[in-house]
Amino acid sequence: MNADTLLSFIQHFGYAALFFALWLGIVGMPVPDEVVVMTGGAVTANGFLHVLPAFALTYLGVVSGLSLGYALGRFFGNAVLDRLRRKKNMQKYIDVSDRLVRKYGRFALCISYFFPVVRHVMPYVVGLHHMKFRQYALFSFTTGLVWTAIFFTIGRLVGDHAQTIGELAYRYGLRLVWIPFAAGAAVLAIRYMFKQHKSKGERSS
């Protein structure tokens, strides 16, 4: 499935398409979650879907996917990871997820969500480690809400460019998220230095 097919599904099935695309994302939907969420935001910007129900179903899809991944890891354990290991390059993401959990515990859930692939593997790993679901839900669902809000809002702002930007976000992860913050900080720093230089010039005259 590509992003155009996703958009077609949204046009035919509406809010349900957003939910199921994200719910099934945990088991390997071919469209990146970032693209799904941003497309959801984009279709609310053009009035095709209403903002609140679209965001609610998008977030419920994210939460359902996280819960499914946790349940699979908790009850099927190594069998799930063995299946994942058969996929190309997946072992390194499993190793990264395992190291994060061992080093940061439940806070690894907050860290992992902004790194593509790792966030899909993490629910399996914490389920395998038998983290209590209440703790898992608190950290994972809260971070998922922030993540969903960020990309849904970006989708509303960029409109027709949601697919391209979503794919870049999936490819570069947290590095891309920090670009606007770094650019904003640079602009503020330049403006501050300019004001300082201007005020010194006025005092000297």
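The values are calculated or read from the model by the stated rules, or taken from the named source; none is laboratory data. Just so you know, these numbers come straight off a predicted model, no measurement behind them. Every residue, glycine as well, gets a Cβ built from its backbone with ideal geometry; the counts of neighbours run over all protein chains shown.
Between Ala169, Ala137, Ala149, the distinction of being in a helix (DSSP H, G or I), modelled with pLDDT of 90 or more and either farther than 17 Å from Val43 by Cβ or among the basic types (Lys, Arg) (or both) belongs to Ala137 only. Based on what the data block shows, is Tyr113 in contact with a Gly (Cβ under 7 Å, 6 or more places away or on another chain) and either among the small types (Gly, Ala, Ser) or at pLDDT below 85 (or both)? Spelling it out, Tyr113 is indeed in contact with a Gly (Cβ under 7 Å, 6 or more places away or on another chain) and either among the small types (Gly, Ala, Ser) or at pLDDT below 85 (or both). Of Val121, Val101, all but one fail to be part of a helix (DSSP H, G or I) and closer than 25 Å to Phe20 by Cβ; the exception is Val121.
Arg86 passes every criterion in (1) at pLDDT below 80; (2) exposed (fewer than 13 other Cβ atoms within 10 Å of the Cβ) apart from (1). Within the stretch 82-107, residues that are farther than 16 Å from Phe139 by Cα sit with their Cβ atoms under 9 Å from residues that are surrounded by 11 or more Cβ atoms within 10 Å (Cβ to Cβ) and of a type in the set (Ser, Thr, Tyr), at 6+ positions apart or across chains, in these pairs: Leu84/Tyr93; Leu84/Tyr124; Ile94/Tyr124; Val96/Ser112. Screening Asp82 with (1) of a type outside the set (A, V, I, L, M); (2) assigned to a helix (DSSP H, G or I); (3) within 30 Å of Ile10 (Cα to Cα); (4) more than 15 Å from the chain's Cα centre (by Cα) gives one miss only, at (3).
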